[in-house]
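Just so you know, all these numbers are worked out from the coordinates, no wet-lab data involved. Note that this is a predicted model, so its numbers are computed, not measured. In this analysis, Cβ positions are derived from the backbone assuming ideal geometry, glycine residues included, and neighbour counts consider all displayed protein chains.
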Amino acid sequence: MALILDHVTYEYGNGTELLVRALNDVSLVIPDGQFIGLIGHTGSGKSTLVQHLNGLLKPTSGNIYYNGEDIHDRDFSKKRLRSKVGLVFQYPEHQLFETDVFTDVCFGPKNLGLDKKEVQLRAFQALKQVGLPDDCFYQPPFDLSGGQKRRAAIAGVLAMKPEVLILDEPTAGLDPKGRDEILDLVASLRKENGMTVILVSHSMDDVAEYVDRIVVMNKGSVCYDDEPKQVFAHKEELEAIGLSVPQVTDIMHALKKAGWWSADTSVITIEEAKKEILRQLRKG
Amino acid sequence: MIRDITLGQYYQTDSIVHRLDPRVKIVATLVFICSLFVVEQAAGYVAAVLFLAAVIRASHVPFRFMMRGMRAILFLLLITFFFNLFLTPGEAVFSLWKLTVTEEGITLAVKMAVRLSLLIIGSSVMTLTTTPNNLTDGLEKLLRPLQRFRVPVHEVAMMMSIALRFIPILLEETDKIMKAQMARGASFDEGNLIQKAKSMVPLLVPLFISAFRRANDLAMAMEARCYRGGEGRTKMKPLHYEKRDYVTYLVLGVYLAACIVVGRVVPWGSIL
Ligand SMILES: Nc1ncnc2c1ncn2[C@@H]1O[C@H](COP(=O)(O)OP(=O)(O)OP(=O)(O)O)[C@@H](O)[C@H]1O
Ligand SMILES: [Mg+2]
């Protein structure tokens, strides 16, 4: 089963002169269990796109299907959709509102109409999953550190047990350590629960190591949709739309350009780069 | 959804009205409002409507756009209309259940509804064609003489411009938080009044926190740039009257005089 976007176009400010076309004829198939990186420069329409996937925005034209059903059908429950397609917004910690972390995480499952025991069980599991220390559970969310707050907010969505987890720039504003922790958390969540994950980012370095597939957006359209290696082969084109390839790929390109050896420039992780350089050194 | 509110919004385009000095526009709005209350007879309202229509035409703001903002006020307008209609004592025309509609009531209700709509449209022309910054600059300069009486004119103007600046930011924030909570299964339009009020908590708490955080950041940023109030502070773009501004003042004077003559002095017979 899958999420399908069929020729989706979206315009902000409908009915006024101040029209912004944020999505332009986007078609995508998101199969179950895939880990997708959604990349694009600021304002390319990433956030707009992901808000379509759980029905927060309705396309100006085009359709979205979840498991074969049109999500904007009259008898399709948006609430059920939102429990299946969990969306973690940019700076999700800004939406915390309860007096303690645990109650806040309960908000999502409670809205699903589950009984109290189930709600608490899910909240507890979610908080465990994101790796928050136990003594944080009953603290006011505002007393946590930035990274911890973000974990708590992610737990708030996880507690709804979504099948698809979408994270909009989960690493924005975090230090390198916090960034790595969140990315590792996402990778491990995916491994443990086998969910579909869509990771929105504008940094290739964030996603290169983890994802199966990269979707590159530019000015509201999808311009690349392929495996990471294939996408990174378009170094110049990516740079022209304000993106970059991962730093290691960049280095390999530079080495090749300097004529050191015929380096394999499709390398995308540090581990691969190390192997490739050693191989070349032995050879030469 | 929440962005539909256009009252107090700026509409970007180029027109003679946009280019006028903000002081002229503030004075013109005041004159227009006064003219509405000076007028007693229908002919005067016709003059006001014609004047307003001409200004809107010259401002290049689509009428449709202006009307969208009016929808929010419609409710207020209706309440005033019905209160005036039913609660004015006088000669009864007909009665519905316990409510009596009087001749005076009809006159007053229509008059007040017309006055209110013109007043709101008139002032929204000002906000639609003047950036908040310009508006407060104009206000500050107009009120400058009050400084003699220790009125903190600069501070008031600064507060106003900050408040105006924050409206769209907070609207955007509200939109974002609402969506984020909806993604967690919240709904804001279900249930009875109490449930609705309760469902506002997940929206209002983050909104207040964000407002305070922004206010704090702004204060910090202003201090970092050595803001110390209005004393000795100069403007980057000082306001200057141009020829068109003097012409507008002249037109305004003529309009006011016409309103008084047409709507008050000349005995048209009582049309209303
Ligand atoms: N609520 C809105 N009203 C009007 N225009 C909007 C709104 N939200 C976004 N836009 C516009 O739509 C376009 C796409 O915005 P979007 O937020 O989807 O970009 P993004 O790729 O998520 O960018 P970022 O990396 O900055 O988060 C931008 O041009 C933006 O100005
Ligand atoms: Mg975004």
Item to complete: For chain B, set up a Gaussian network in which alpha carbons nearer than 10 Å are linked by springs, and say which option among B:D245, B:D189, B:D217 fluctuates the most.
Response: B:D189
Discussion item. Quick check: residue separation of B:E103 and B:A58 times 0.36 nm, minus the Cα distance between them. What number comes out in nm?
Written reply: 12.4 nm
Practice prompt. Let me know the shape class of chain B, please: from the alpha-carbon gyration tensor, a ≥ b ≥ c as square roots of the eigenvalues, rounded when a/c is under 1.5, otherwise prolate if a/b is greater than b/c, or oblate.
Written response: oblate
Worksheet item: With contacts defined as alpha carbon pairs under 8 Å and 6 or more residues apart, what's the relative contact order of chain B in percent?
Response: 33
Worksheet item: Which net charge results for the neighbourhood of B:F188, defined as the other residues with beta-carbon distances under 13 angstrom from its beta-carbon, given Lys and Arg at +1 and Asp and Glu at -1?
Response: +3
Worksheet item: Evaluated at 10 °C with a viscosity of 1.306 mPa s, what Stokes-Einstein diffusion coefficient in µm²/s does the range B:154-238 have when Rh comes from the Kirkwood expression over alpha-carbon pairs?
Response: 102
Discussion item. Applying a 10 Å radius around every beta-carbon, put A:244-255, A:23-34, B:193-204, A:48-59 in order of their mean neighbour count, most first.
Written reply: A:48-59, A:244-255, A:23-34, B:193-204
Worksheet item: Taking only Cα atoms, what is the 0 to 90° angle, nearest 10, from helix A:116-129's long axis to the longest principal axis of chain A?
Response: 20
Discussion item. Could you tell me what a quarter of the Cα convex hull surface of chain A works out to, in nm² with one decimal place?
Written reply: 17.3
Discussion item. Filter chain B for me: DSSP H helices, axial length by Cα at least 18 angstrom, mean Kyte-Doolittle hydropathy not below -0.5. List them by residue number.
Written reply: B:22-38, B:42-59, B:63-87, B:103-129, B:153-183, B:201-224, B:243-260
Item to complete: Just need the relative contact order of the range B:154-238 here, percent rounded to a whole number, with Cα pairs under 8 Å and 6+ apart.
Response: 37
Worksheet item: Tally Lys/Arg at +1 and Asp/Glu at -1 over every other residue whose Cβ is under 10 Å from the Cβ of A:D143; what's the total?
Response: 0
Worksheet entry | Most mobile listed residue (A:L114, A:L87, A:L238) in chain A, GNM with C-alpha springs under 10 Å | A:L114
Worksheet item: Can you give the angle from 0 to 90° between the axis of helix A:247-257 and the longest principal axis of chain A, with both taken from C-alpha atoms, to the nearest 10?
Response: 20
Discussion item. I need to check one value: relative contact order of chain A, counting alpha carbon pairs closer than 8 Å and at least 6 residues apart, in percent.
Written reply: 21
Response to the item:
Under the 7 Å Cα-to-Cβ spin-label approximation, A:D100 and A:Y12 lie apart by a distance in nanometres of 3.9
Practice prompt. With springs connecting C-alpha atoms under 10 Å apart, model chain B as a Gaussian network and identify which of B:E223, B:E173, B:E155 has the largest mean-square fluctuation.
Written response: B:E223
Worksheet, complete the sentence: Long-range amide H partners of A:Y224, meaning residues 5 or more apart or on another chain whose placed amide H is closer than 5 Å, are A:V216
Response to the item:
In nm², the average projected area of the convex hull spanned by the Cα atoms of the range A:128-284 is 11.5
Response to the item:
At R0 = 60 Å the Cβ-Cβ FRET efficiency linking B:K198 and A:K256, nearest 0.05, sits at 0.45
Worksheet entry | Within-13-Å neighbourhood charge of B:A28 [Cβ basis; K, R +1; D, E -1] | +1
Item to complete: Over 46 Å, how big is the tail of the calculated P(r) for the protein assembly as shown, in percent of all Cα pairs?
Response: 34
